[in-house]
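The values are calculated or read from the model by the stated rules, or taken from the named source; none is laboratory data. Quick caveat, the model's predicted, so the values are computed rather than measured. Here the Cβ positions follow ideal geometry from the backbone for every residue, glycine too, while neighbour counts run over all protein chains shown. Keep in mind that these areas ignore ligands, DNA and RNA; they rest on the heavy atoms of the full protein, side chains included. Shrake-Rupley method; radii C 1.70, N 1.55, O 1.52, S 1.80 Å.
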Amino acid sequence: MEYYKVKAKFAERTFGEITLINNELMTKEEIETNKLPLFCFVKVDVPEERTYCFFCARFDDNDGNEPWNN
């Protein structure tokens, strides 16, 4: 599935009521709905079965950056 991953240099920045989290995955619709700037993201393809949610944020479970490993 096509997602957009938050770039590290934009992590912890707040846009309106949304705070971006490093490596968080969002859909294009979520970005547009929340009026977030697309330049904060990089497009990635991640199989839906490889994603997980952690405190309401979606991540790729194969990127080595799981919150419990940091």
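Things to note:
- Verdict on ASP45 being more than 10 Å from the chain's Cα centre (by Cα), among the charged types (D, E, K, R), at pLDDT below 95 and open to solvent by 50 Å² or more (accessible area, probe 1.4 Å): yes
- When segment 5-39 is limited to residues that are under 17 Å from TYR52 (Cβ atoms) and assigned to a strand (DSSP E or B), the one that is most open to solvent (accessible area, probe 1.4 Å) turns out to be LYS5.
- Of residues in segment 54-68 being modelled with pLDDT under 55 and outside any loop (DSSP other than H, G, I, E, B), the one surrounded by the most Cβ atoms within 10 Å (Cβ to Cβ): PRO67
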